Structure formats: structure tokens, C-alpha cells
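Okay, so here's the structure we're looking at.
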Amino acid sequence: MHPRKRHRKNASAMKLVGKLVGVFRTAADLTQAQLADRVRVQVETIASIEQGRRALLPDLARQLDELLETKGALETAVENMPEVDLIPAWAEQYMDLERTALALCFFANQVLPGLLQTENYARTVFGSRVPAFCREEIDAHAGNRLERQEILRRKLPPTTSFIISEGVVLAPRGGAVVYEETLRHLRACADLPGFTLQVMPLARTNHAALDGPFILVETPDYQRIAYTETQRGSQLISDPNEISILAQRYAMLRTQALNTEETRDLLDRLLGEQ
């Protein structure tokens, strides 16, 4: 297969569209919080769009045009934004599966999965890359990561389960302020419907996934696919025997990790120490 890349909106164009949203919102005499409430998104989403850090998606553009009476200006701007290559083919297939999944199960032992990262955490991750990304590339990658999280806020979100190494939770990525923000975000996510968060204690002498992180995906037609990443690539796994092995490992991990209540208590304790 010839390698392809998913496209993402150009960062400069994102900033221009964001400025338009801010101008139209101000003209309508609305705060960011008021606008977010009326279109049923988080205020951070509106703030990130207006600052050009997050792309305005077509559905939201249509909502804003209707609410702000801008006669299709935002939708037209979004449709005509230039694009840049962003996501390599080896990750594109997984993201297609993620968007339509009925259920997602994650085991992570290095960094938080993208669906759990705050914007500042994501910027820290992409800012740590070697060779280094330029500022525009960091903006684009972080924005894309935040867009992926919209699946958790859908009317019918996928059932999601995360088992995260305690080392990932304890690591102060990005410094004290970003770390506290990350803990608060994880604690809020832990209360989402259909969402399970468990921490794997560092004190465990062993667990079922010492080979490394992996993701299990249940597709709309009830197939099970696994996904693993390495330093320079990734692998989609569909072989039933391999899927069975990973499913068994995940089931074992769920018994070895802290349960959901214990995980919430751990996050509360860590927040209390900030």
C-alpha cells in the first residue's frame, strides 16, 4: 500500500477562522462561556478555536452560523481552509477505527493515551519530540489530538476502559501547573458515563502486560481489532488467536489494577497534595 497521510487544516488558517469566531461572538454580545453553553461544548473548546489552537469542525461551524446569524460565513471558511499533511498512514487506520468504535480498551505505561490528554499535556508530549517539531507542527498535532476526544462527548459515546500505569499518573509532565491540570482532568473523566479508569500500582511485583501498551477496539459490526505502537511504526492486529491473547491479558489487568473507586481515591489524594 502506498503510504498516505491524513490531512489537517493549516495552522494559519485555523487562527484566521478562530479570529472570525471571536469577532462574531463579540458582535452577538456573548462570552465564551455563554456561547459554549448554547452550542453544548466545553468553554475550553471555544477558547482553543478562537486562539487558533483547535480546528473548527464543520458541524460546529454550522451551529455557530445559525446561532450567530452569520449566513454561512464560518461553514464556508472551514470548507475552504488549506490543508497540510499530518498523520502517517500507520496511524490513520487506527484513528478511523477509533472514531466509529463501539468500545475501546487501553493499557498505557509510558504516557497518557491521546483521548485522556489535556491540551497542555499534548503540547508537552509533542514538544519533547526528537527531532523537534516547529511551533506550527506542535499546534497542528495538539489540535488533532483534542479533536479526537470529541468521541467521548458524543450523545452515544463508546464504552471506554483505561488501565494506566501509576508511573504515568505520577510523572509531572509539563511541570507543576500542567500536572495539576492533568490530574483534575483525569478525575473529571473518571465520572463520565460509560468510562472506566483504573491505575496499575507501581508496587505490584508483576502484571499481565509487561510486554507493553496496547489498545483493543470493538467495531460497529462487533469485530475486535488490536492496535500497538512502537517508536517508528504501529501494527493493527486482526488475527483471532492474537486478539484472544490480548483480550485475556486485558481481563487479567482489570483484576490486577486498582478498581475504579480506589483509582478515584488515589487521584483525590494526589490532588490534595498539590
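The values are calculated or read from the model by the stated rules, or taken from the named source; none is laboratory data. Only a predicted model underlies this, so the values are computations on that prediction, with no experimental measurement involved. Every residue, glycine as well, gets a Cβ built from its backbone with ideal geometry; the counts of neighbours run over all protein chains shown.
Test each condition in (1) touching a residue at least 24 places away in the same chain (Cβ under 8 Å); (2) outside any helix (DSSP H, G or I); (3) closer than 21 Å to residue 97 by Cβ for residue 258 and report the one that comes out false.
Against the list (1) touching a residue at least 24 places away in the same chain (Cβ under 8 Å); (2) outside any helix (DSSP H, G or I); (3) closer than 21 Å to residue 97 by Cβ, residue 258 comes up short only on (3).
Residue check: is residue 215 of a type in the set (A, V, I, L, M), at negative phi, buried (at least 19 other Cβ atoms within 10 Å of the Cβ) and in the same structural domain as residue 247 (by TED's automatic domain parsing)?
It is true that residue 215 is of a type in the set (A, V, I, L, M), at negative phi, buried (at least 19 other Cβ atoms within 10 Å of the Cβ) and in the same structural domain as residue 247 (by TED's automatic domain parsing).
Considering the stretch 121-135 alone, what residues qualify as being under 19 Å from residue 175 (Cα atoms) and surrounded by 12 or more Cβ atoms within 10 Å (Cβ to Cβ)?
121, 122, 123, 124, 125, 126, 127, 128
Taking the stretch 54-87 as the search range and keeping residues that are under 28 Å from residue 134 (Cα atoms), in a loop (DSSP other than H, G, I, E, B) and touching a Leu at 6+ places or on another chain (Cβ under 8 Å), which one is modelled with the lowest pLDDT?
That would be 54.
For the structure I just gave you, tell me whether residue 199 is touching a residue at least 60 places away in the same chain (Cβ under 8 Å), surrounded by 13 or more Cβ atoms within 10 Å (Cβ to Cβ) and part of a helix (DSSP H, G or I).
no
All but one of (1) over 13 Å from the mean Cα position of the chain (by Cα); (2) in contact (Cβ under 8 Å) with a residue 40 or more places away in the chain; (3) crowded, with 20+ Cβ neighbours inside 10 Å; (4) over 19 Å from residue 196 (Cα atoms) hold for residue 138; which doesn't?
(2)
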